[in-house]
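First comes the structure, then the notes that go with it.
The values are calculated or read from the model by the stated rules, or taken from the named source; none is laboratory data. On a predicted model such as this, the values are computed, not experimentally measured, just so you know. Positions of Cβ are backbone-derived with ideal geometry, glycine not excepted, and every protein chain shown enters the neighbour counts.
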Amino acid sequence: MDVMIHTKVWKIDQIKSDWHVQLAQPAALLSAGKQIAFPTETVYGLGADARSEEAVRGIFSAKGRPSDNPLIVHIYDRSQVHELTNCTNELAERLMDQFWPGPLTLILPVRQGVLSNQVTAGLQTVGLRMPDHPIALELMRQAAVPIAAPSANTSGRPSPTLASHVLDDLQGKIEGIVDGGATGVGLESTVVEVSGQHIQILRPGGVTVEQLQACCPEASVTLETELETKEAPRSPGMKYTHYAPQGKLVIVKGESAAVSQYIVQQVTMHAAENKCGVLCFKENAHHYEQADLVLSLGSVNQLEQAASRLYEALRKFDEYGVTRIWSEASTTEGIGAAFMNRLLKAAGHNVINL
Ligand code: TXA
Ligand code: MG
């Protein structure tokens with residue numbers, strides 16, 4: 001039976017001095033075991049009390065998420081690390097000092113009996129993060145419980161960077177949304193597992209490889225992109241297809257002029273039977289006027305901006321019913337690693353190398 005509920009929206013304007021007070025109702029609902037979406041500095045999360053089996057089950061059913069994919073637990077106070085985990089690693093502590101609040105999730109050994117079993121999907125570890133967003137922190141402080149929160153999208157859709165994206169996917173399925181405007185980074189947090197002197201990146205994100213290495217010069221930092229194709233990935237979420245637009249997306253790599261020329265040729269060839277879309281950088285956008293929808297991610301020299309716009313662009317192609325999409329690629333330096341990781345997933349690793 002599909003139950004429709006009325007999804008409340010709380011629009012929070014942080015310019016107003018009483019914005020904290022407006023969070024009282026969503027915070028009380030979270031404490032009472034309901035599912036509430038809220039903004040973070042990465043993407044919108046769908047939160048619920050991480051200790052309650054029933055509250056957490058509500059997250060999985062609203063998203064249609066496979067039950068073997070564990071959830072990240074969000075905290076607002078460092079003391080919660082020791083309530084929820086048996087963290088003894090010195091490097092892990094240093095990473096928290098440096099990057100929290102911020103877009104870094106640490107996989108830590110979970111304390112038995114303190115969290116719902118579904119949060120960890122039966123693993124001995126839990127992913128913890130302290131988001132760098134005043135609304136998220138204040139909401140959790142008022143709710144006063146650890147909050148399990150995956151991205152607030154339907155499973156398989158791009159993560160939401162605006163409250164309207166959350167409504168598009170989850171209206172009628174969740175109790176409410178705290179609308180705090182656009183998120184910042186626009187891609188999910190970096191997920192890392194630390195053991196001894198080794199930092200393994202399970203998912204690249206807002207905190208870059210370069211930043212991790214600079215914080216821990218004595219550590220080895222590895223980004224295993226091939227994790228995605230292994231049979232038993234360390235991070236269960238890696239095995240699922242994510243963020244796929246409805247149209248067929250192909251990434252075109254190579255020297256800039258050759259890439260533009262190839263895309264123009266393809267658009268011309270497929271224009272009759274398709275609605276053609278191009279995802280590109282501002283510098284090249286003028287080449288693609290024949291396409292039905294051209295979305296520019298901003299300058300190729302400002303990858304932070306491109307990252308913050310990627311998911312919105314993928315949703316736009318769907319909205320316009322685009323059936324074929326060609327995308328330019330970026331470097332994999334800095335935030336480029338996370339950007340290309342998500343773009344590759346969205347394209348199902350469909351790449352043309354010129
Ligand atoms: O930025 C973010 O991290 C956002 C916002 C809302 O905080 N959240 C988010 O959650 O992206 P989600 O559920 O969409 O992604 C969580 C990822 C999945 O790939 C999952 O498999 C992995 O983290 N993960 C969670 N717990 C894990 C664990 N114990 N071991 C390994 N991987 C884990
Ligand atoms: Mg997600």
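Of all residues being hydroxyl-bearing (Ser, Thr, Tyr) and buried (at least 21 other Cβ atoms within 10 Å of the Cβ) in the stretch 82-115, which is farthest from ligand 1 (Cβ to nearest atom)? Just the residue, please. Even if it seems obvious, please write down each step before you answer.
Step one: list which residues in the stretch 82-115 are hydroxyl-bearing (Ser, Thr, Tyr), which gives 85, 88, 105.
Applying the additional criterion that residues be buried (at least 21 other Cβ atoms within 10 Å of the Cβ) yields 85, 105.
Values: 85: 10, 105: 5 Å.
Here the residue is 85.
Consider only pairs whose beta carbons are under 7 Å apart and that are at least six residues apart or on different chains; among these, list those whose first residue lies in the stretch 54-70 and is over 17 Å from residue 30 (Cβ atoms) and whose second residue is hydrophobic (A, V, I, L, M, F, W, C) and part of a loop (DSSP other than H, G, I, E, B).
67/121; 68/121; 69/121; 70/121; 70/123
Which members of the stretch 110-145 meet the condition of being polar (S, T, N, Q) and in a loop (DSSP other than H, G, I, E, B)?
Just the residues of the stretch 110-145 that are polar (S, T, N, Q), to begin with: 112, 116-118, 120, 124-125, 142.
Correct list: 112, 116, 124.
From the list 249, 187, pick out the single residue that is in contact with a helix residue (DSSP H, G or I) (Cβ under 7 Å, 6 or more places away or on another chain), at pLDDT 95 or above and within 14 Å of ligand 1 (Cβ to nearest atom). Show your work before the answer.
On the way: 249 fails: within 14 Å of ligand 1 (Cβ to nearest atom).
Just a single option satisfies the conditions, and that option is 187.
Checking the condition touching a residue at least 40 places away in the same chain (Cβ under 8 Å), in a loop (DSSP other than H, G, I, E, B) and among the aliphatic types (A, V, I, L, M), which residue from 322, 259 passes?
Unique residue meeting the criteria: 322.
Quick one: in the stretch 184-197, of everything that is in a loop (DSSP other than H, G, I, E, B) and surrounded by 24 or more Cβ atoms within 10 Å (Cβ to Cβ), which residue is nearest to ligand 2 (Cβ to nearest atom)? Don't jump to the end; show me each part of the working.
Quick first cut of the stretch 184-197, residues in a loop (DSSP other than H, G, I, E, B) only: 184-189, 196-197.
Narrowing further to those that are surrounded by 24 or more Cβ atoms within 10 Å (Cβ to Cβ): 186-189.
Values: 186: 13, 187: 10, 188: 6, 189: 10 Å.
If we take residues in the stretch 184-197 being in a loop (DSSP other than H, G, I, E, B) and surrounded by 24 or more Cβ atoms within 10 Å (Cβ to Cβ), then 188 is nearest to ligand 2 (Cβ to nearest atom).
Considering the stretch 207-237 alone, what residues qualify as being touching a strand residue (DSSP E or B) at 6+ places or on another chain (Cβ under 6 Å) and either modelled with pLDDT of 70 or more or of a type in the set (A, V, I, L, M) (or both)?
If the condition is that a residue be touching a strand residue (DSSP E or B) at 6+ places or on another chain (Cβ under 6 Å) and either modelled with pLDDT of 70 or more or of a type in the set (A, V, I, L, M) (or both), then 207, 209, 212, 213, 219, 220, 221, 222, 223 are the ones that fit.
One line per residue, one yes/no per condition, for (1) out of contact with any Gly (no Cβ under 7 Å at 6 or more places or on another chain); (2) under 19 Å from residue 131 (Cα atoms):
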residue	(1), (2)
3	yes, no
7	no, no
16	yes, no
29	no, no
49	no, yes
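Quick grid of which residues meet (1) within 28 Å of residue 162 (Cβ to Cβ); (2) at pLDDT below 95; (3) β-branched (Val, Ile, Thr):
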| site | (1), (2), (3) |
| --- | --- |
| 23 | yes, no, no |
| 38 | yes, no, no |
| 42 | yes, no, yes |
| 50 | yes, no, no |
| 59 | yes, no, yes |
| 94 | no, no, no |
| 99 | yes, no, no |
